[in-house]
Amino acid sequence: MDLDLREAEIQAQRTTLTILVGLGNVDVYVPENVNVSGVTIGGHRREWGEDIERRGAPAISVRAISLLGTVDVWRVPPNMPGNYGEIFRQLQCRQQELPP
C-alpha cells in the first residue's frame, strides 16, 4: 500500500498516524520539511531521506503495529518528479549519498 501525505494539509503542530500491517508492506510518503518520529511493535520500520530536526515544522508520529510486515517512511523533497517507482529509486540513491 502507498500512502501519500506529500500534499496533505496538516493543521495541528503534531499529528499521529497509526498503521496496522499484516504480512505486507506500507510505504508512507511525507514532505521532506516535516519532523517524523515513531515506534514499531512486532514488525519492521525504516526511514528514508534526510532526518533533520526542523524547528516549528509540523510533526508526524508514525506508529506501526504489524505482524511480519514492513513500514517504510519516505521523506520526499519538494518537486521530486515521477511515479512511486521513480521516487523510490531517486530516494534510495540519495540515501546512499548521505553520511552514516
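The values are calculated or read from the model by the stated rules, or taken from the named source; none is laboratory data. Note that the structure is a prediction, hence the values are computed from the model and not measured. Cβ atoms come from the backbone with ideal geometry, glycine included; neighbour counts cover every protein chain shown.
Structure above, values below:
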| read-out | value |
| --- | --- |
| Elements of type strands (runs of 3 or more DSSP E) in region 18-85, at least 3 residues being in contact with a Pro (Cβ under 8 Å, 6 or more places away or on another chain) and crowded, with 19+ Cβ neighbours inside 10 Å | none |
| Positions within region 37-88 being over 12 Å from the mean Cα position of the chain (by Cα) and of a type in the set (A, V, I, L, M), in sequence order | Val39, Ile41, Ile52, Ala57, Ile65, Leu67, Leu68, Met80, Ile87 |
| Residues of region 10-44 that turn out to be out of contact with any Lys or Arg (no Cβ under 9 Å at 6 or more places or on another chain) and under 11 Å from Trp74 (Cα atoms), as a count | 3 |
| Unmet criterion (only one of (1) over 25 Å from Cys93 (Cβ atoms); (2) assigned to a strand (DSSP E or B); (3) aliphatic (A, V, I, L, M); (4) modelled with pLDDT under 85) for Ile10 | (2) |
| Condition met for Leu3 (surrounded by fewer than 17 Cβ atoms within 10 Å (Cβ to Cβ), among the aliphatic types (A, V, I, L, M) and over 14 Å from Ile60 (Cα atoms)) | no |
| Any pair with Cβ under 6 angstrom, 6 or more apart, that starts in region 61-90 at a residue that is under 12 Å from Gly38 (Cβ atoms) and ends at one that is of a type in the set (Ser, Thr, Tyr) and at pLDDT below 85 | Ser61/Ser37; Ala64/Thr40 |
